[in-house]
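Heads up: the structure comes next, in structure tokens.
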Amino acid sequence: MSFRTTTAYVEDVSPGSGALPPRAWYASSDAKSLSLNGSWRFRLSATADAEDDSFAAEGYDAGDWAEVTVPGHWVLQGHGSPVYTNHLYPFPVDPPRVPTENPTGDHLRVFDLPADWPADGGAGLRFDGVESCARIWLNGTELGEFKGSRLPHEFAVGHLLKPAGNVLAVRVHQWSAGSYLEDQDQWWLPGIFRDVTLLHRPADSVRDFFVHASYDHVSGTGTLRVDSEVPGRVTVPDLGVDVATGEPVTVPVEPWTAETPRLYDGVLATGGERVPLRIGFRTVALSDGLIKVNGRPVLFRGVNRHEWHPERGRALDLATMREDVLLMKRHNINAVRTSHYPPHPAFLDLCDEYGLWVIDECDLETHGFTEQGWRDNPVDDDRWTPALLDRAARMVERDKNHPSVVIWSLGNEAGTGRGLTAMAEWIHGRDTSRLVHYEGDAGCRDTDVYSRMYADHAEVERIGRGLDGGPRRRRELPFILCEYAHAMGNGPGGLADYQRLFEVHDRLQGGFVWEWIDHGIAHPELGFAYGGDFGEELHDGNFVCDGLLFPDRQPSPGLVEYQKVIEPVAITADGTDGAAGTVRITNGYDFADLSALAFSWSYEVEGETVDRGTLSVPALAPGESAEVKLPAVPAGAPAGEAHWTVRAVLASDTPWAPKDHVVAWGQLPVSARRVPYVAATTRPAPGDGDGDGEITLGPGVFDARTGAPRTIGGVPVTGLRLDVWRATTDNDDGAAWQSDLRYGLLWRTLGLHRMRHRLDAVEVGEDALTVRTRVAPAARELGLSTVYRWTSDGDRLRLTVSTAPDGDWTVPLPRLGIRFGLAAADAVRWYGGGPGEAYPDTRSASRIARWQSTVDGMQTPYVRPQENGARADVRWAELGGLRIEGDPAFFLTARRWTTEHLDAAAHRTDLVPGDTVWVNLDHAQHGIGSQSCGPAPLPRYHLRAEPAEFSFVFSTTKSVSSTPLQNLSS
Ligand code: GAL
């Protein structure tokens, strides 16, 4: 026996052999099933041929083998290690050949049939997902082998089963010909990572079936027809339906939409099995150049979801899947693209149940061929077409009965070619009730939607206006951004600007943020590991951490921003301000009226709620708006800056969030803030005569030589000076191919991270202490002339900073403000934007109120540390015994490490608190953008080097207690 004959299938382009034809997936029926999840015996070999296959024989003694948990990836269970690449194949590109070093996991599971396992009928053995290739034996008989990692494969095994001591043997290879088709940007994680189930198949049991449930919005009726391979009856008690399979029936129904996910429970009964059905009536169509569901255009507020768990990788349990769905619903997300493979099938049940539009994407990506100009791309090579068609069929057949799935996607980043066309033709022929998507074909030859990724705002606007040109077919299609707003690290910026475009131009039917969750791997020393942390020779670093959720599923500020930007109700002042006494409410849902929401108002002065009440808002239909009268300003409200805050909350509990969950809010300014005024009545004076070189000015004591403050009201202050540097974000650093947008590199080249501060003069005047400096990097002629002017009224100290650029500044500044150290600070209180971080182009969710947190609580735990945690629009803040008022409002950042430490850190665990709390008070910050893959901040968010002046007023405060983050005004 030569090894080429036993392992040849690994490098065979064919999809496999021995498996049953694909069919609809369902979780439960009255037929028995036996889960084979759990602990399996496991042996890892370095190569595909290293061990013979005698382990598959009955009686084999695997007593000295290790154990792994199925579902799972062996590389996350102590055997070998994960590898992360974005698009590079981590092996030589020589399709369909794979390396000799091909980690191979032999899995063994011995099982008995339950005592009540029926003696009659057959049995199916179903694998829901194995990466990348498996060969299966039961009781010593080979069943076959398959590829297609995230697709189900089922084998007929009834004839081989025995009551006890069944031996199931599975040999899994990390690399196979299939790997060439699975070059998605993610960790390479071999293993049996989805369920393994033995299904009893009684005689005449249900095989494949297709639920056709359409909705006619004109008549308000649904038409149901269940086509079944094995004839039977279909009953839907709530609809009084009892028909034979294949027979259509039309009845009045409530339609299914993502906003109103009405499902009808039914049963498909054949002679041998009863399968529960959850039927959603809806019709998806391309009409008037738009994607319409039930006759109305939809706007996707979507995310790209990879399956991810920081300990279990892509082996997700139901609780995690449900958590994803609940988090999405609570954050106003209404759509998911299952990037870049069909998810665990149970996820789609949840999408049906809770209501999410789904683009179901096939397990196909050949991105690595871009390195060779797409030469030899499998999708344009007929030898591979059967494998591509197999993948398309396994997805469509498995998932076709989900109302949530409205669009099939052929795959991702696979170039173009005949194989893709064949897939599209097959899908269009098999399922006329859905549309077909694929981003990689600019001509849209095979697709029903024009889809792009990371197009910038200007281009999206052109497309919205129909000015984008291109082939005729494409010009007639609706547009979506299947990926945008790259959520890597701090960001994404610019979401609100995209959303405005989507809302204005009908052709723009929304987008899907890239991506849902960071794929960080929980690591004992590093916090969360990313590419390169396992010693991979090729890797793409933390590009794998680009989600709206941190790996532990804590929402990042990006998700909170997205939630606000896509809220389905707009609460606005409509051009005027709250002083006009009305608020405009617009229903942005596509289907639902506002009857599920309750509205409330609160009136806040200086961030403190003075009064609150309910607001009566009509149950506006989708798209409608109304001008709603606000109450009179509460009698006796104190003077000061005032706001109305209006909220739309759930009027009652829903399956995804409790009553009072905030769906949307808006804040309307009523009266402007009074900026702090400090009369310059105090003269700077020499220190207390001890000759140690001090100057006093009101509560401030300064170093006479440098003019820098030493204490303010007795609070020691160190290193106060102009600061323009921030620890570059992933977006600042930009993607490798975005050479002109790599601000981090430009800034470092200029030396903005190592500015020198030259002292030109310390001037003690009549009413001010003035310090003149020039702040500039070594080796460059440009700089910032900077003047610090200190005045005081005796109690308070006012610092006015004036900067003016010298020389030819062609790049924006990272930040502009001051920084200083405080010896001790824990609790932080502020009046301004919160509760979370906000930057110029990520500030939609920042609400003006009084907030309280701690220095530690103000840090945003990006997996790769970077600039974070700024609170925007801060009017005043109190920390470490100081009270700071801004004129104008400022960005506040406080941390237990310096910007330089933050900049140097690669993982969270590199950040070690020091004795000093470093505070940044920024007049301005450069925008965030999303150029870690997408466009840079729009020009209006650039921080240009221009003359600027800003002030802070310092006084002391009694110390505040350390309490967790809360909104003091709510
Ligand atoms: C896209 C790709 C995604 C991901 C993203 C960057 O090109 O489709 O899989 O790689 O870029 O994070």
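The values are calculated or read from the model by the stated rules, or taken from the named source; none is laboratory data. Everything numeric here is computed off the predicted structure, so don't read it as measured data. Cβ atoms come from the backbone with ideal geometry, glycine included; neighbour counts cover every protein chain shown. The accessibility values were calculated without ligands, DNA or RNA, using every heavy atom of the protein model including side chains. Shrake-Rupley method; radii C 1.70, N 1.55, O 1.52, S 1.80 Å.
Every residue, every condition in (1) closer than 30 Å to residue 423 by Cα; (2) modelled with pLDDT of 95 or more; (3) open to solvent by 20 Å² or more (accessible area, probe 1.4 Å), yes or no:
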residue: 168; (1), (2), (3): no, yes, no
residue: 178; (1), (2), (3): yes, yes, no
residue: 189; (1), (2), (3): yes, yes, no
residue: 200; (1), (2), (3): no, yes, no
residue: 223; (1), (2), (3): yes, yes, yes
residue: 226; (1), (2), (3): yes, yes, no
residue: 239; (1), (2), (3): no, yes, yes
residue: 250; (1), (2), (3): no, yes, yes
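Going through (1) at positive phi; (2) open to solvent by less than 30 Å² (accessible area, probe 1.4 Å) one by one, residue 78 falls short only on (2). Checking 596, 573, 496 one by one, the residue that is among the small types (Gly, Ala, Ser), away from the ligand (no atom under 16 Å from the Cβ) and out of contact with any helix residue (DSSP H, G or I) (no Cβ under 8 Å at 6 or more places or on another chain) is 596 and no other. Inspect all residues belonging to the range 415-427 and state whether any of them is at pLDDT 95 or above, closer than 20 Å to residue 209 by Cβ and not acidic (Asp, Glu). Within the range 415-427 (the criterion being at pLDDT 95 or above, closer than 20 Å to residue 209 by Cβ and not acidic (Asp, Glu)), the answer is yes, since at least one residue qualifies. Taken together, 371, 323, 397 contain a single residue that is within 16 Å of the ligand (Cβ to nearest atom), farther than 19 Å from residue 452 by Cα, acidic (Asp, Glu) and open to solvent by 10 Å² or more (accessible area, probe 1.4 Å), which is 371. Residues that are outside the structural domain of residue 127 (by TED's automatic domain parsing), aliphatic (A, V, I, L, M) and farther than 23 Å from residue 90 by Cα number at least 3 in the following strands (runs of 3 or more DSSP E) confined to the range 333-450: 405-409.
Residues that are open to solvent by less than 30 Å² (accessible area, probe 1.4 Å) and under 30 Å from residue 517 (Cβ atoms) number at least 3 in the following strands (runs of 3 or more DSSP E) confined to the range 789-881: 827-834, 847-854.
Pairing each residue of the range 790-809 that is over 17 Å from residue 717 (Cβ atoms) and charged (D, E, K, R) with any residue that is open to solvent by 40 Å² or more (accessible area, probe 1.4 Å) and part of a strand (DSSP E or B), provided the two are 6+ apart or on different chains, yields C-beta distances under 7 Å for 806/785. Here residue 510 fulfils each of the conditions (1) buried (at least 20 other Cβ atoms within 10 Å of the Cβ); (2) free of Cβ contacts under 8 Å to residues at least 40 places away in the same chain; (3) away from the ligand (no atom under 16 Å from the Cβ) apart from (2). Of all residues in the range 88-103, those satisfying the criterion of being open to solvent by 40 Å² or more (accessible area, probe 1.4 Å) and under 20 Å from residue 364 (Cβ atoms) are 88, 93, 94, 97. Being surrounded by fewer than 16 Cβ atoms within 10 Å (Cβ to Cβ) and closer than 19 Å to residue 742 by Cβ is the filter; apply it to the range 899-934 and report the residue that is farthest from the ligand (Cβ to nearest atom). Of everything passing the filter in the range 899-934, 904 is farthest from the ligand (Cβ to nearest atom). Answer yes or no: is there a residue in the range 104-111 that is within 16 Å of the ligand (Cβ to nearest atom), of a type in the set (Ser, Thr, Tyr) and open to solvent by less than 10 Å² (accessible area, probe 1.4 Å). No: zero hits. The single condition among (1) more than 22 Å from residue 652 (Cβ to Cβ); (2) small (Gly, Ala, Ser); (3) modelled with pLDDT of 95 or more; (4) in contact with a strand residue (DSSP E or B) (Cβ under 7 Å, 6 or more places away or on another chain) that residue 613 does not meet is (1).
Looking at the range 721-746, which of the residues that are in a strand (DSSP E or B) and open to solvent by 10 Å² or more (accessible area, probe 1.4 Å) is farthest from residue 760 (Cα to Cα)? Only one residue tops the list, namely 723.
Of the strands (runs of 3 or more DSSP E) lying entirely inside the range 638-720, those containing at least 1 residues that are open to solvent by 20 Å² or more (accessible area, probe 1.4 Å) and either over 30 Å from residue 582 (Cβ atoms) or at pLDDT below 95 (or both) are 662-671, 694-697, 700-703, 709-712. Quick one: would you say residue 599 is at pLDDT 95 or above, farther than 30 Å from residue 515 by Cα, outside the structural domain of residue 730 (by TED's automatic domain parsing) and among the aromatic types (Phe, Trp, Tyr)? Answer is yes for this residue. For residue 565, the conditions (1) β-branched (Val, Ile, Thr); (2) surrounded by fewer than 24 Cβ atoms within 10 Å (Cβ to Cβ); (3) more than 21 Å from residue 841 (Cα to Cα) are fulfilled apart from (3). Annotation: of all residues in the range 401-421 being within 16 Å of the ligand (Cβ to nearest atom) and hydroxyl-bearing (Ser, Thr, Tyr), the one that is least open to solvent (accessible area, probe 1.4 Å) is 409. Filtering the range 422-445 to residues that are open to solvent by less than 30 Å² (accessible area, probe 1.4 Å), farther than 28 Å from residue 128 by Cβ and more than 16 Å from the ligand (Cβ to nearest atom) leaves 443, 444. Scanning the range 522-546 for residues that are open to solvent by 10 Å² or more (accessible area, probe 1.4 Å), away from the ligand (no atom under 16 Å from the Cβ) and under 20 Å from the mean Cα position of the chain (by Cα) returns 522, 527, 528.
Listed by first and then second residue, the pairs linking a residue in the range 9-33 that is under 26 Å from residue 182 (Cβ atoms) to a residue that is of a type in the set (Ser, Thr, Tyr), with Cβ atoms under 6 Å apart and 6 or more places separating them unless they lie on different chains, are 10/176. Beta carbons closer than 6 Å, at least 6 apart along the sequence or on distinct chains, pair a first residue in the range 351-366 that is on the phi < 0 side of the Ramachandran plot and open to solvent by 10 Å² or more (accessible area, probe 1.4 Å) with a second that is in a helix (DSSP H, G or I) and away from the ligand (no atom under 16 Å from the Cβ) for 354/325; 354/329.
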